[in-house]
1. Could you check residue 336 against (1) of a type in the set (Gly, Ala, Ser); (2) buried (at least 17 other Cβ atoms within 10 Å of the Cβ); (3) over 30 Å from residue 159 (Cβ atoms) and say which number it fails?
2. Would you tally the residues in the range 187-214 being in a helix (DSSP H, G or I) and either surrounded by 20 or more Cβ atoms within 10 Å (Cβ to Cβ) or of a type in the set (Gly, Ala, Ser) (or both)?
3. Which ones in the range 186-216 are out of contact with any strand residue (DSSP E or B) (no Cβ under 6 Å at 6 or more places or on another chain), touching a residue at least 40 places away in the same chain (Cβ under 8 Å) and not polar (S, T, N, Q)?
4. Can you tell me which residues in the range 6-23 are in a helix (DSSP H, G or I) and over 18 Å from residue 109 (Cα atoms)?
5. Could you tell me which residue of the range 24-41 is nearest to the chain's Cα centre (by Cα), considering only residues that are over 22 Å from residue 90 (Cα atoms) and part of a helix (DSSP H, G or I)?
6. Given the criterion assigned by TED's automatic domain parsing to the domain that holds residue 18 and under 29 Å from the mean Cα position of the chain (by Cα), identify the matching residue among 64, 85, 105.
7. Just one of the numbered conditions (1) surrounded by 13 or more Cβ atoms within 10 Å (Cβ to Cβ); (2) more than 22 Å from residue 114 (Cβ to Cβ); (3) among the basic types (Lys, Arg) is not true of residue 69; which one?
8. Test of understanding: among 71, 128, 114, which residue is part of a helix (DSSP H, G or I), under 28 Å from the mean Cα position of the chain (by Cα) and farther than 20 Å from residue 269 by Cβ?
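The values are calculated or read from the model by the stated rules, or taken from the named source; none is laboratory data. Quick caveat: nothing in here was measured; it's all calculated off a predicted structure. Cβ atoms come from the backbone with ideal geometry, glycine included; neighbour counts cover every protein chain shown.
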Amino acid sequence: MISIYTLTSSLHDSSGIDFLTREFLASLGIEYTFRGDDFSAYGSGGLDLIYVRTGGTEGLFKSLLPKLRKDRPFYLLTSGKSNSLAASLEILTYLNWKGLRGEILHGSHEYVHDRITVLEQAIHAYQDLHGLRLGVIGFPSDWLIASGCDREAVLDRLGIEILDIPMERLLKTYETVGEGDVSELEKVPCREGTEEKVRPSLAGADRIYRALKQIVTEEKLSGLTLRCFDLLTAVQNTGCLALARLNSEGIIATCEGDIPAMLSMAIAKAVTGESGFQCNPSEMDPVTREIHFAHCTLPLSMAKTYNFDTHFESGIGVGIHGELPRGSVTLLKVSGHLDRHFVERADLLRNTYSTHLCRTQVIVRLQEGSNSIQDYFLHAPIGNHHILLTGDHTRVLQELLRLI
């Protein structure tokens, strides 16, 4: 929902300004609620735009500011007529002096329409994050030494509650759910040479999935991260297939107990409606800008085709070898302290397969002119896991992360 509020100097002819307002807003081609100079609902809904209709409104805005919500940027809409742009520049400078964020929405009708559309999507995604409950089943894996989380910041700035769920609870639930019908899973082909190991593991992999699904229901979770390597010894199986199925059903699910990856995936899903592929770089070339990503789980809904394989590190259980469509992808990672993020578009060049890597493997190339391999990955990365999304979602993600 878009709400439009107005700032108008009393020195201007009201009938003339009202005519220009109708003409200008109609040219933008957006749906909105016109609230005029009544700011009582400001900050209570979706995207709020302050239409600076004339010059001479700087003092009016200054007097209103103490009553307005300040945890989001102020978006100043201006047509450029009646000195509205000049007033907007003065207002934005004042906001910057106060340490507050803002933006002037001005340009061609097409540009302003496009900008408003992106901002509305970002605000909607921001609202969707509030109220989520995410579970950490077991602790983060021991090797994730730089993947901590500031839970207070996550609750305060994202509205997301993070719950700790002991691994013992999953294992007890695993025992109680028993074996189910895996006839549909048995229809999925196995990678050549792995069938003797994979087929006997399907029933256990399905039990892990159903146990996780039961905990999700009981705790009213929107997603989880799982200390999956503990399952190798506890039940001689892996969580890869369970996480792949949960993600395909719209339940955020990451592995190795990686909380920042889980948060990144939650942000991705708020924007795109999909969880994304949690993967880590295995090789990269700063000259060609190519990165080889791999992992043993993948949302089944993302794959063009897929088959079952063993889990890479252990050689047991059920891993996913999926192939993704070529074309634009988005890479995303948010730090657990919400103080840094990485978002960049890339092109998925090809799917690969090596027995020496996790089972789903893709090579992507960063944009022409990108220095992210040198500047980000090789100098200041945010952990090893990243989220890969099909399509270019960089603009909305960047706006959402500015809000955060």
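1. (3)
2. Here is the first cut: in the range 187-214, the residues in a helix (DSSP H, G or I) are 187, 195-214.
Subset that is either surrounded by 20 or more Cβ atoms within 10 Å (Cβ to Cβ) or of a type in the set (Gly, Ala, Ser) (or both): 198, 201-209, 211-212.
Number satisfying all stated conditions: 12.
3. Keep residues of the range 186-216 that are out of contact with any strand residue (DSSP E or B) (no Cβ under 6 Å at 6 or more places or on another chain), which gives 186-187, 192-193, 195-197, 199-216.
So of that shortlist, the ones also touching a residue at least 40 places away in the same chain (Cβ under 8 Å) come out as 197, 201-202, 204-205, 211-212, 214-216.
Listed by number, the residues that qualify are 197, 202, 204, 205, 211, 212, 215, 216.
4. Quick first cut of the range 6-23, residues in a helix (DSSP H, G or I) only: 14-23.
Across the range 6-23, the qualifying residues are 14, 15, 16, 17, 18.
5. Ranking the qualifying residues of the range 24-41, first place goes to 28.
6. Working: 64 fails: under 29 Å from the mean Cα position of the chain (by Cα); 85 fails: under 29 Å from the mean Cα position of the chain (by Cα).
Within the list 64, 85, 105, the selection yields 105.
7. So residue 69 meets the others, but not (1).
8. Working: 71 fails: part of a helix (DSSP H, G or I); 128 fails: farther than 20 Å from residue 269 by Cβ.
Exactly one residue qualifies, and that residue is 114.
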